[in-house]
Amino acid sequence: MFVRQFAGIIVSFILLLVMLKGYPKISGGKKAPLGPVLFITGLIMALIAGLSFEIITTSFVHIFTGFSTLQTLIVVVEIGILGNILKQYGILEKIVQALEKLIPSKKALVMIMPGIMGLLPVPGGAFLSAPFVDSIGNDLKMSGDQKTAVNLYFRHFSMFVLPYNTTMLTICSILPAVGVYTVIGLCLPFVAVLLGGAYLFYVKSAPSAKAEGAGLSMGALKDVLWYLSPIYMALVFNTVFSLDMYVSILICILLTFFMIGKDKSQYLQTVVKGIGVDTLLMLVGVYYMQNIVKSLDVVMASVGGMLVGQSIIGFMVIVPLVGLAFGLSTGLSLVPMGILLPFVAAMDLPAMTQTVYSVYILLWSFLGYYFSPFHLCQLLSIKYMGCETKSVYRQHVKMMPFLCAASVVIFLVYHMIFL
């Protein structure tokens, strides 16, 4: 039975890569629909592993009957709606305009702008901040590949600090015992390395430049606080008032109704257009594959022996291999996370052990996704800045060893402290 279940995992994941790479060739260059592809991958895995029809069907039904996963799906829909409202009604541009009046240092601005846009976790969102980074970067005499690196690094730190980011929601839905704010806290050292390294390598050497007429302005400060409120108030409602995240974001969506001015005729249409069906289907596919993997009892027991054993070397090696292999090949962090997290979920581990393991999985899944040549944000940034891909990777090489080393060191330190 072990051989059959293990074969199901290996064959299905090979076919996953084949489908992702082959679909554009037979569809005229269109990107493979990840949700259906992941669902097919899970189905193939189940059939080869010899799972019963009942397990195959209940694995799908449980996606929509489990409160944790259902809440995650609702939050993802709400985030898409909120992001579309802020974009279509120019609220993001108003935030940027207020910041330009408030902050005199263009070096600070070029780092803050993509960070602000990163608060909206939408696919390809780096394209929103690219025009601002390009313009300010020109004033700082930055090359195209430098501007691309700045746009990417200072945007993606938000993946580790926003509780409503898809990666955080995925961790907490697969591992209900794991607290999202604990994960965020444990990720902060990695965020410090990410932002500190990006500043040292890409921003520090740029000549100083100041924005004309910028300075402390109460009007600009009020604008920043007002227009950013749909984002940070979600955290306030969730942490201070203990409202569920889906309720918190729903309140913030309603708040935007009073921010958009008198012309509200297109508001409902904007809400509907913001529903990210592709992202929703992708999560359904991830959860289905997760449920199938958890049903492979023999493989789970074998992996569990490795996870709870005396040596952590196997875990420390397997996670980077899977994270980099599937992150680099797909340009997505949820794929390796969807493979690895169910193994942790199936083990009888203390909550803190699950948390530390999930952080390690998150870091390596991020690195695979971030440095992937298929990373959508990178592709769009390169296109906008008009630079070559190889020159951007020369910039990445400066950061790669530090981020990889930080991931290992952080895990070892947490393992010594908490486990």
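The values are calculated or read from the model by the stated rules, or taken from the named source; none is laboratory data. Computed from a predicted model, the values in this text were never measured in an experiment. Heads up, the Cβs are rebuilt from the backbone with ideal geometry, glycines too, and the neighbour counts pull from every protein chain shown.
For this structure, a couple of remarks:
- Pairs, first modelled with pLDDT of 85 or more in region 206-222, second of a type in the set (A, V, I, L, M), C-beta under 7 Å, six or more apart: ALA206/LEU140; ALA206/MET142; PRO207/LEU140; LEU221/LEU102
- Condition met for VAL76 (buried (at least 19 other Cβ atoms within 10 Å of the Cβ), β-branched (Val, Ile, Thr), farther than 25 Å from LEU324 by Cβ and touching a Gly at 6+ places or on another chain (Cβ under 8 Å)): yes
- Which listed residue, of LYS141, LYS147, LYS210, is surrounded by fewer than 19 Cβ atoms within 10 Å (Cβ to Cβ), basic (Lys, Arg) and at negative phi: LYS210
- Residues satisfying the stated conditions in region 370-381, i.e. surrounded by 19 or more Cβ atoms within 10 Å (Cβ to Cβ) and part of a helix (DSSP H, G or I): TYR370, CYS377, GLN378, LEU380, SER381
- Residues of region 333-354 classified as outside any helix (DSSP H, G or I) and either basic (Lys, Arg) or in contact with a Gly (Cβ under 9 Å, 6 or more places away or on another chain) (or both), total: 5
- Considering residues of region 303-333 that are exposed (fewer than 14 other Cβ atoms within 10 Å of the Cβ) and modelled with pLDDT of 70 or more only, the residue nearest to VAL18 (Cα to Cα): LEU321
- Of everything in region 334-344 that is of a type outside the set (A, V, I, L, M) and within 22 Å of CYS377 (Cβ to Cβ), the residue that is surrounded by the fewest Cβ atoms within 10 Å (Cβ to Cβ) is GLY338.
- Pair list, Cβ under 7 Å, 6 or more apart: region 234-251 residue in contact (Cβ under 8 Å) with a residue 24 or more places away in the chain and at positive phi, other residue among the small types (Gly, Ala, Ser) and not in a helix (DSSP H, G or I): none
- Residues of region 252-273 classified as without any contact (Cβ under 8 Å) to a residue 60 or more places away in the chain and under 13 Å from TRP226 (Cβ atoms), total: 2
- MET400 passes every criterion in (1) closer than 16 Å to PHE154 by Cα; (2) buried (at least 19 other Cβ atoms within 10 Å of the Cβ) apart from (2).
- With respect to (1) in contact with a helix residue (DSSP H, G or I) (Cβ under 9 Å, 6 or more places away or on another chain); (2) under 30 Å from VAL299 (Cβ atoms), the lone exception for GLU54 is condition (1).
- Answer from ILE85, ILE136, ILE112 - the residue that is assigned to a helix (DSSP H, G or I), of a type in the set (Val, Ile, Thr), at pLDDT 75 or above and under 13 Å from LEU228 (Cα atoms): ILE85
- Among residues of region 15-34, those that are under 17 Å from ALA325 (Cα atoms) and surrounded by fewer than 12 Cβ atoms within 10 Å (Cβ to Cβ), counted: 1
- If only residues of region 260-288 that are β-branched (Val, Ile, Thr) and surrounded by 14 or more Cβ atoms within 10 Å (Cβ to Cβ) are counted, the one that is farthest from the chain's Cα centre (by Cα) is ILE260.
- Residue match in region 348-369 (condition: over 20 Å from PHE190 (Cα atoms), surrounded by 18 or more Cβ atoms within 10 Å (Cβ to Cβ), in contact with a Leu (Cβ under 8 Å, 6 or more places away or on another chain) and not polar (S, T, N, Q)): yes
- Within the option set TYR393, TYR384, being surrounded by fewer than 20 Cβ atoms within 10 Å (Cβ to Cβ) and free of Cβ contacts under 8 Å to residues at least 40 places away in the same chain holds for one residue only, TYR393.
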